[in-house]
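What follows is one structure encoded as structure tokens, with my remarks underneath.
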Amino acid sequence: MDITKLWDGFHLTLPKRLGDAYRSVLDENGLLPEAIGPRPSPPPVGGLTQEQTDIHFAHAFDGSAARAELVLLNPNGETESAATVLRQFLSGGALCLVDVPCGAGAGSLALLSTIAELRKEQELPRQPLDVRLLWGEISAPALKYAIRLLAEIEGDLADQGITVVVETLPWDVLDEVSNVELVQKIAQTKTTHPQILLLVCNFSGFLERQGKWKAAAPGLKMLLQFCSGDMNAGVWLEPDQKAVSKGLFQKLGNLIGGLIAFANQVGKDDEGDAASAKFHCPIGTGKTYRVSVRTMPFELALKRSSK
Ligand SMILES: C[S@@+](CC[C@H](N)C(=O)[O-])C[C@H]1O[C@@H](n2cnc3c(N)ncnc32)[C@H](O)[C@@H]1O
């Protein structure tokens, strides 16, 4: 596959429409100066407030999008299992894409716009892809940014045979009622879009750095159970850090291992697969940044025991 518009052998470029959309949403919210300025360390993880959301959107959206693009393009063959799952699910048909916590939608928007770009370049067939996008997120301002970005790119997606209908849900992984609302929404969507792809991107800051795994595990478990069905799947993406390879993904592997009737890890490596690359800043600063990714794909197939 020729992917030279998006990968020149050394650098990733975000799909142009998404990069332009990002720049214009930053601009209309007065965030361009913040985005052009130095990136905070440690990287922002987002949160409930407008300020937390703005800092995260201005400094992390492009990296999160590049991380998802890198896994899907898989230019050096390092994330083969996850890339195969993503390409399979995004190739056509009726798909329920559950992106939680979606933030400003970096993961799902990057995947959909990368597929659109590959279709435009005739690297992938333009089969109708009918996407019901479920976005769950605790930050209302982040959901607003996500909706604006989608509005900017949906025409281009439609030109490539990708139609997207989105539903947003205020979602708190630590709240039982909120988790039930999310899985009810998934169950409803399954009736028209039985093929589910669960996408979780960049949740390790909250789950590991802020120590919330234990409190979040029951909600995540229910999510995996409700997303499972005939040949459904999930892909979890994180920055490639020890806290992920030796921490979060070990715990996730154990959670999946305890759910054999619903889920199954793809690939034998408990640490997942890793890749890294530089990407061009999409807002025209001329800068490049390095992004790393560690990914764990899993099957979400319902297995009934035969008695
Ligand atoms: C690092 S961001 C990742 C967002 C998005 N997946 C991406 O890749 O850009 C982490 C997200 O978790 C959200 N979050 C924080 N606490 C949460 C909670 N209790 N339940 C659900 N989401 C939460 C934040 O608002 C933020 O958008």
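The values are calculated or read from the model by the stated rules, or taken from the named source; none is laboratory data. Everything numeric in this text was worked out from a predicted model, so none of it was measured. Using ideal geometry, Cβ is built from the backbone for each residue, glycine included, and neighbour counts are taken over all protein chains shown.
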Can you confirm whether region 24-32 contains a residue that is touching a Gly at 6+ places or on another chain (Cβ under 8 Å) and away from the ligand (no atom under 15 Å from the Cβ)?
no
Across region 280-300, what is the total count of residues that are in contact with an Asp or Glu (Cβ under 7 Å, 6 or more places away or on another chain) and either modelled with pLDDT under 95 or not in a loop (DSSP other than H, G, I, E, B) (or both)?
4
Hey, can you tell me all the residues within region 167-183 that are of a type outside the set (Val, Ile, Thr) and within 13 Å of the ligand (Cβ to nearest atom)?
Leu169, Pro170, Trp171, Asp172, Leu174, Asp175, Glu176, Ser178, Asn179, Glu181, Leu182
Out of the residues in region 184-229 that are within 16 Å of the chain's Cα centre (by Cα) and more than 15 Å from the ligand (Cβ to nearest atom), which is surrounded by the fewest Cβ atoms within 10 Å (Cβ to Cβ)?
Leu224
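Within region 102-126, take every residue that is within 13 Å of the ligand (Cβ to nearest atom) and in a helix (DSSP H, G or I) and give me the one that is nearest to Leu14 (Cα to Cα).
The selected residue is Ala110.
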Selection over region 41-78 where residues are part of a loop (DSSP other than H, G, I, E, B), touching a residue at least 12 places away in the same chain (Cβ under 8 Å) and more than 10 Å from the ligand (Cβ to nearest atom) yields a count of 5
When residues of region 33-51 are limited to those that are touching a Gly at 6+ places or on another chain (Cβ under 8 Å) and under 16 Å from Asp172 (Cα atoms), the one surrounded by the most Cβ atoms within 10 Å (Cβ to Cβ)
Gly46
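I'm trying to understand the selection: among the residues of region 127-166, which are away from the ligand (no atom under 16 Å from the Cβ) and assigned to a strand (DSSP E or B)?
Leu129, Asp130, Val131, Arg132, Ile162, Thr163, Val164, Val165
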Within region 230-249, restricting attention to residues that are over 14 Å from Gly272 (Cβ atoms) and not aliphatic (A, V, I, L, M), which residue is surrounded by the most Cβ atoms within 10 Å (Cβ to Cβ)?
Asn232
Would you mind telling me which numbered condition in (1) surrounded by 15 or more Cβ atoms within 10 Å (Cβ to Cβ); (2) in contact (Cβ under 8 Å) with a residue 24 or more places away in the chain; (3) not charged (D, E, K, R) Ala83 fails?
(2)
